[in-house]
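The values are calculated or read from the model by the stated rules, or taken from the named source; none is laboratory data. None of these values were measured; they are calculated from a predicted model. Positions of Cβ are backbone-derived with ideal geometry, glycine not excepted, and every protein chain shown enters the neighbour counts. Only protein heavy atoms, including side chains, enter the accessible area calculation; ligands, DNA and RNA are left aside. Shrake-Rupley method; radii C 1.70, N 1.55, O 1.52, S 1.80 Å.
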Amino acid sequence: MTLNELSEHYQLRVQLAEVETMLQSLRCAASPGAQALTGMPHATGVRDKVGDLAVEIATMADEADRLRQKIGQQEGNIAAIPDPRTRTIFRLRFIRGLMWCEVAAILGGGNSASGVKMACYRYAESCDSM
């Protein structure tokens, strides 16, 4: 994975988080509130809030699915990294979103945050030069 691909992957994950937040907001807004059931006919201009938001919810859900699919494809590229240690670093940092110090702690063996970061960027730079 190149540095550009890693940057794009990060941006996609940020976009997905934003879309999922907006989707949750839309779903909450579309939940029916307490309705006054008087049996009287409705006046003109009365609209169905849930129906109005249904199209937006469907659109946002499609966008979230598209982003998940693209992220999944990029994560498949991480699975193709031949070195198991480097692959683990990439998985922990870019798929699970852990901080460098957390990645180093999980790897153990006296690894430092700067050491695992350097290993990651060395691999990414070697891919950039190909």
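Kindly provide the set of residues from the stretch 70-117 that are open to solvent by 40 Å² or more (accessible area, probe 1.4 Å), over 26 Å from Leu16 (Cα atoms) and not hydrophobic (A, V, I, L, M, F, W, C), ordered by number.
Result: Pro82, Asp83, Pro84, Arg85, Gly109, Gly110, Asn111, Ser112, Ser114.
Find all pairs meeting these conditions: Cβ atoms under 6 angstrom apart; at least six residues apart or on different chains; first residue within the stretch 72-84 and closer than 14 Å to Cys127 by Cα and assigned to a helix (DSSP H, G or I); second residue open to solvent by less than 40 Å² (accessible area, probe 1.4 Å) and at pLDDT 85 or above.
Going by the 6 Å Cβ cut-off, the qualifying pairs are Ile78/Phe90.
So the check is Cβ under 8 Å with 6+ separation or different chains; which pairs have a first residue in the stretch 45-58 that's at pLDDT 80 or above and a second one that's charged (D, E, K, R)?
Close Cβ pairs (under 8 Å, with a partner that is charged (D, E, K, R)) amount to Ile57/Arg27.
Just the residues that are open to solvent by less than 90 Å² (accessible area, probe 1.4 Å), among the small types (Gly, Ala, Ser) and at pLDDT below 85, please, taken from the stretch 1-44.
Passing the criteria: Ser7, Ala29, Ala30, Ser31, Gly33, Ala36, Gly39, Ala43.
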